[in-house]
Amino acid sequence: MTALINYSVEENIAVISLQSPPVNGLGQRLRAAIFNAYLQASKDSKVEAIVIASTANVFCAGADISEFGTEQALASPSLPDLCHVIEDSSKPVIAAVNGMALGGGFELTLACDFIIALPQAQFGLPEVKLGILPGAGGTQRLPRIAGAELALQMMISGTPISAEKALAAGIVDCVHAGESDFIDMAIGYAQHLIDADIVLRNCARLKVDTSQLPDNFFSGFRASIARRSRGFMAPEKIIQCVQAACELPFSAGLQLEASLFQECIQSPQARAQQHIFFAERAAKKVPGIKPGTASRDINKVAVIGAGTMGGGIAMNFASAGIATLILDLSEQALERGLNTIKSHYLASVQKGKLTEAQMEQCLSKLAVSTDYNDIQDADLVIEAVFEEMQIKQRVFKKLDEICQAGAILATNTSTLDVNDIAAVTQRPSDVIGLHFFSPANVMRLLEIVRGKHTADDVIVSMISMAQRINKVPVVAGVCWGFIGNRMLEPYAREASRLILEGASPEQIDNVLCQFGMAMGFPSMIDLAGIDVGYLTRQGNKQAFYARDPSYAAICDKLYELGHHGQKTARGFYLYDGRDKRANTQVTQLAAQLAQQYGIKQRQIPDQEILQRTLYMLVNEGAQVLDEGIACRSSDIDTVYCNGYGFPTFRGGPMQYADEIGLDNILSAINRYQIELGEYGRQWFTPAPLLEKLVAEGKSFKTYINNESH
Ligand code: T1G
C-alpha cells in the first residue's frame with residue numbers, strides 16, 4: 001500500500017509531503033499519517049522546524065467527503081485535534097501551498113505559523129456548498145487572521161481566493177514564483193524563521209480586528225445574503241460562528257463551531273448537497289464507454305443561428321478561448337446577435353466579473369459569416385436554429401456536405417428526435433444533441449443527447465468539452481424532451497390543471513418557492529415564454545391532447561390571446577419591466593375553462609399543490625430511469641439542480657423522493673388517482689419502477705439502469 005505521506009528531514013527541517021491522490025482528501029488514514037509524522041518531527045531533537053507540503057497538483061481538498069456519515073469521519077485523530085497540535089507546536093510549522101487548499105485543507109494551513117504559496121495556489125472554504133460549515137477551526141481562525149468581513153464572504157460564497165489576494169489579506173506570508181524549487185524555498189524560509197527566532201502564531205492569542213466593522217455589520221450582512229441563501233441552513237450558522245469569533249474567547253468560539261457543525265452535518269440538507277457534489281462528478285462517467293476513450297480535438301467551433309440561444313452558446317466557447325464562428329443567413333441577424341453578445345460582456349465588465357482586457361480577449365475569438373464554406377474546417381458545429389424538424393434536417397444535410405471528416409455535428413434541439421436529424425446525414429455516428437439552457441452563457445447544465453449511432457468518442461469529447469466551458473454535463477437518451485423537459489411536462493400539466501381547479505398562479509408560485517424552487521411554474525413559463533411551451537407541446541400533441549382535451553388549457557388560452565408572458569408584458573402575471581403584479585383575467589379565464597370542461601372549482605390545499613406537481617415530476621423521473629433515458633437517478637438530480645432551479649438543499653427530485661420515502665409518494669399518487677376521478681385515472685398512474693422499488697423496499701439511489709441510452 002502506497003504511503004499517504006512522504007516524510008523526510010533536510011538538515012534540521014522536517015518535510016511532510018501529502019501524497020494521497022486524487023486530492024489529498026483528509027480521510028482518517030491521511031489524518032493519522034500526518035499526525036504521526038508531526039509527532040515524529042516534534043520529538044526529533046535535530047528537527048527545528050516543519051514544512052507541510054503536497055506532491056499532488058491540489059494541496060489538499062479538505063475532509064474526505066465520502067467518509068461523511070461513517071465512523072471514519074469521527075475517528076481519531078479528528079481534524080480539529082490535528083489543527084490543535086500543529087497550532088500548539090513549539091517548532092515553527094510552515095505550510096507550502098502549491099495548489100488548491102480547500103476546506104479542512106485550508107484550515108490546516110491556518111493552524112500553521114506561516115503560509116507560503118505558489119502563484120497558482122488558491123484558498124477557499126467551500127463547506128457551505130456541502131450544507132455544512134468549516135468545522136476545524138476555520139470560522140474562528142480566519143476572522144482573526146483576515147478580518148470578519150473577508151472571512152464571512154469566503155465562507156458564504158464558498159469561492160476560493162487567489163494567492164495574490166490571500167497575500168494582500170495577510171493570510172499568506174509569501175508568494176514564490178518558482179515551482180521547481182518551491183520545497184527548497186520552503187526549507188530556506190523555515191531556516192530563516194529559526195534564525196530570526198520569530199514569534200510563532202497562535203490564534204488563541206489573537207483577536208478579530210472589529211475596529212472597522214459597522215455596528216450593524218452582522219444584521220446588514222444577513223440582509224445582503226437573504227435572497228441568495230433562501231432556504232439554506234448553513235449560511236446562518238456560519239454567521240453565528242463568525243459573530244462568536246468577534247465576541248467570544250477562542251475556545252468558546254470553537255465549541256460553538258463544533259456544535260453547529262454537528263447540527264449541519266446531520267441535516268437532510270447536508271446529505272442533499274453532498275449527494276449533488278458526487279452526482280455532478282458521477283454524471284461524467286457513462287456506463288458502457290471504455291475508460292480512456294480518447295476525445296477529439298476541438299480547436300474551432302461553429303454555431304449555426306445568431307439568435308438568443310446561438311449567441312449565448314457562442315459566448316461559452318469564446319470565453320473559454322476557443323475560436324468560434326457564428327453563421328447566419330442574414331447579415332442583420334448577425335449584427336443583432338453580435339451586439340447582444342457585446343452587451344452581455346459589457347454588463348459583466350460593469351459588474352466587475354470581467355476586466356476590459358478579458359472582454360476584448362473573448363470578443364477576439366468571435367467571428368461571423370453568412371457563408372457555409374467558412375465552417376468547412378470546424379471541429380464542432382452546433383445548430384441553434386428554429387425548433388422545427390424540417391428546418392433542422394435541412395441544416396444537417398448542408399453540414400453533411402460541407403464539414404470536414406471527423407467534425408462533430410451537434411443540434412441544440414430541446415425536444416426533437418436526434419436520430420431523425422442524424423438520419424439525413426451520411427455520418428450519424430458524428431451527430432449528437434447538445435441541449436443548452438437559456439440563458440446559455442449562464443446556465444451550468446448541458447444535456448448531452450446520445451443518438452442510437454453516436455460514437456463513444458463523440459460522447460467523451462463532448463463531456464470534456466463541457467468542462468472546458470464550465471458546464472455540468474449529463475448524458476441523456478433520445479425521447480421527447482430528453483430528461484429535463486420530458487419530466488417537466490407532468491409538473492407543468494399539474495400546475496395548469498390546478499389553476500383550472502381553483503388555485504391562483506400566486507398560490508402555486510408561493511408553494512413551490514417555499515419548497516425552495518427558484519420560481520414556481522407560472523412565473524417560470526412567463527419567463528421562458530408561454531408561446532415556447534405551446535409550440536413545444538404541439539410537437540407531441542398525441543401524447544397530451546388526445547388523452548385530455550383540457551390539457552394545459554389555461555396556457556393554450558393565454559397563447560391564443562397573445563399573452564406570452566414577460567416578452568408581451570402579460571401572461572400569468574402583468575409586467576412593467578421586471579415588476580410583476582397579479583393578472584386577475586387569469587382566474588376569470590380559468591373559471592370559464594373549468595365550466596367548459598366540467599371541472600368543479602374548489603379551495604386547493606398547499607400540500608396538494610406541492611404533492612401533485614413534485615410527485616408527478618418524480619414519477620416521470622422513475623419512467624425516464626426505467627427506460628434508460630437517464631442511467632442513474634443522480635443524473636436526473638444533476639439536471640434539475642443545474643437546469644431547472646430545483647433547490648440543491650433538497651438534492652434534486654429523486655434524492656428528495658428517497659428522503660421522504662418512495663412508499664409515501666406511491667401512496668399519494670394512488671390516492672390522487674382515486675380522489676381526482678376520471679382525471680386521476682387518466683394521469684396518476686404510478687411508474688412501474690416506483691412500484692417495484694417500493695415493493696422491494698429500495699430507493700432510487702440504489703437503482704442503476706445498465707441498459708441505459
Ligand atoms: N473528499 C472526497 N473526494 C473528493 C474530494 C473530497 N474533499 N474532493 C474531490 N474528491 C474526488 C471527486 O469526487 C473525484 O472523484 C476526484 O476527487 C476528483 O475531483 C472540517 C468538513 C479539489 C477543486 O468541498 O472542489 O473540509 O469522480 O473531479 O475538477 O471544515 O474536487 O474521480 O471518483 O472535482 O480537478 C471541503 C471539494 C470538504 C472541496 C478538484 N472541500 N473538491 O476539482 O476534480 S468539507 C471541498 C473540489 C471539509 C472541514 C470540512 C474539487 C477540486 P472521482 P474533481 P477537479
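Values computed for the structure shown
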| item | result |
| --- | --- |
| Hits in segment 103-129 (condition: within 9 Å of the ligand (Cβ to nearest atom) and surrounded by fewer than 24 Cβ atoms within 10 Å (Cβ to Cβ)) | Gln122, Gly124, Pro126, Lys129 |
| Top-ranked residue in segment 45-99 [being buried (at least 17 other Cβ atoms within 10 Å of the Cβ), in contact (Cβ under 8 Å) with a residue 60 or more places away in the chain and polar (S, T, N, Q); ranked as farthest from the ligand (Cβ to nearest atom)] | Ser89 |
| Boolean, Ser438 is hydroxyl-bearing (Ser, Thr, Tyr) and in a loop (DSSP other than H, G, I, E, B) | yes |
| Qualifying positions in segment 500-514 - open to solvent by 10 Å² or more (accessible area, probe 1.4 Å) and under 21 Å from the mean Cα position of the chain (by Cα) | Cys513, Gln514 |
| Residue that is nearest to Ser369 (Cα to Cα) [pool: residues in segment 322-353 that are open to solvent by less than 40 Å² (accessible area, probe 1.4 Å) and in a loop (DSSP other than H, G, I, E, B)] | Asp328 |
| Residue in segment 382-403 that is in a strand (DSSP E or B), of a type in the set (S, T, N, Q) and under 24 Å from Ser438 (Cα atoms) present | no |
| Check on Gly137, surrounded by 24 or more Cβ atoms within 10 Å (Cβ to Cβ), among the small types (Gly, Ala, Ser), modelled with pLDDT of 95 or more and out of contact with any Gly (no Cβ under 8 Å at 6 or more places or on another chain) | yes |
| Neighbours by Cβ (under 7 Å, 6+ apart or cross-chain): first from segment 346-365, touching a residue at least 40 places away in the same chain (Cβ under 8 Å); second surrounded by 14 or more Cβ atoms within 10 Å (Cβ to Cβ) and part of a loop (DSSP other than H, G, I, E, B) | Lys365/Ile322 |
| Ile289 among the hydrophobic types (A, V, I, L, M, F, W, C), more than 22 Å from the chain's Cα centre (by Cα) and farther than 30 Å from Pro126 by Cα | yes |
| Candidate set from segment 460-494 (those that are under 30 Å from Gly598 (Cα atoms) and of a type in the set (A, V, I, L, M)); member that is most open to solvent (accessible area, probe 1.4 Å) | Leu488 |
| Residue match in segment 250-262 (condition: touching a Cys at 6+ places or on another chain (Cβ under 8 Å), within 16 Å of the ligand (Cβ to nearest atom) and charged (D, E, K, R)) | yes |
| Single unsatisfied condition, Met517 versus (1) under 28 Å from Ser229 (Cα atoms); (2) part of a loop (DSSP other than H, G, I, E, B); (3) open to solvent by 30 Å² or more (accessible area, probe 1.4 Å); (4) not aromatic (Phe, Trp, Tyr) | (3) |
| Residue check, Ile198 part of a loop (DSSP other than H, G, I, E, B) and of a type in the set (A, V, I, L, M, F, W, C) | yes |
| Residue within segment 10-22 that is touching a residue at least 24 places away in the same chain (Cβ under 8 Å), within 28 Å of the chain's Cα centre (by Cα), within 11 Å of the ligand (Cβ to nearest atom) and open to solvent by 30 Å² or more (accessible area, probe 1.4 Å) present | yes |
| Candidates Arg497, Arg547 - the one that is open to solvent by 20 Å² or more (accessible area, probe 1.4 Å), farther than 29 Å from Cys362 by Cβ, not β-branched (Val, Ile, Thr) and not in a helix (DSSP H, G or I) | Arg547 |
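Residues are listed down the side, and each one gets a yes or a no for (1) of a type in the set (A, V, I, L, M, F, W, C); (2) assigned to a loop (DSSP other than H, G, I, E, B); (3) in contact with a helix residue (DSSP H, G or I) (Cβ under 9 Å, 6 or more places away or on another chain); (4) over 23 Å from Ile65 (Cα atoms):
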site	(1), (2), (3), (4)
Gln140	no, no, yes, no
Arg144	no, no, yes, yes
Leu152	yes, no, yes, no
Met155	yes, no, yes, no
Thr159	no, yes, yes, no
Glu164	no, no, no, yes
Leu167	yes, no, no, yes
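The values are calculated or read from the model by the stated rules, or taken from the named source; none is laboratory data. Note that the structure is a prediction, hence the values are computed from the model and not measured. Cβ coordinates were reconstructed from backbone atoms using ideal geometry, including for glycine residues, and neighbour counts include every protein chain displayed. Ligands, DNA and RNA are excluded from the accessible area calculation, which covers all protein heavy atoms including side chains. Shrake-Rupley method; radii C 1.70, N 1.55, O 1.52, S 1.80 Å.
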